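The values are calculated or read from the model by the stated rules, or taken from the named source; none is laboratory data. This one's a predicted model, so the numbers in the text were calculated from it and none came from an experiment. Cβ placement follows ideal geometry from the backbone for every residue including glycine, while neighbour counts extend to all protein chains displayed.
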Amino acid sequence: MATETRNDTPTDDFPDDDVDVDSPVVRRLRSRWHAHLDSKQRAAVTAWAAFAATFGITRAITHWIHDGHGPSGGGMSVGGRHFHHYNIGIALLTGVGLIAVRGEHKLAQHPATATSYGVGTALIVDEAALLIDLKDVYWARDGRSSVDLAVGLITVGGLGITGSSFWPVAARELRPRSRRG
């Protein structure tokens, strides 16, 4: 357990306008989130979750486009040239780096910073084969399955490790009251 002082006071970690904050389950999970994870751990879990969600959504969208749906040009283009989504990832990581180097301390662990880090990293990792080979091998069979599997395992492992003190508590809170121990 971390040594940072914690409290149950709501913070910006959850967007109140999208969540029924009066729900007993949400109140309990929010309380446990703050009681069992310090701000650094919450930022790490947020970044891993953003990575996992972005990687999954990006893979789904690119497969959908590759199967002939979506834009006729096969994705995003700028000035008639294909625009790879790793560029968005690089821009996001540049912003996160600026916050780390020049930003206020509280911004470094802000949920938006952690989310930007996870999203940016996922967008880059998704096109790692292109960056490694310096040619567009995104749809080549060689290595694609192993990259997908490795990133999936890293995602699940990272989420499990970064939130290891929170997940058991969250699972207990989500069980029906009669089954809680």
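Residues in the stretch 164-178 that are farther than 19 Å from Thr46 by Cβ and among the hydroxyl-bearing types (Ser, Thr, Tyr): Ser178 only. Do we have Gly75 as outside any helix (DSSP H, G or I) and free of Cβ contacts under 8 Å to residues at least 12 places away in the same chain here? It is false that Gly75 is outside any helix (DSSP H, G or I) and free of Cβ contacts under 8 Å to residues at least 12 places away in the same chain. Restricted to the stretch 58-71, and to residues there that are more than 15 Å from Tyr86 (Cβ to Cβ) and surrounded by 12 or more Cβ atoms within 10 Å (Cβ to Cβ), the residue that is modelled with the lowest pLDDT is Gly70. Pairs meeting the criteria (first residue in the stretch 8-36 and over 16 Å from Ala170 (Cα atoms) and surrounded by 10 or more Cβ atoms within 10 Å (Cβ to Cβ), second residue β-branched (Val, Ile, Thr) and modelled with pLDDT of 85 or more, beta carbons under 6 Å, at least 6 apart or on different chains) are Val19/Val26.
I'd like to check something: does the stretch 9-26 contain any residue that is modelled with pLDDT of 85 or more, part of a helix (DSSP H, G or I) and within 19 Å of Gly160 (Cα to Cα)? The answer is no; no qualifying residue exists.
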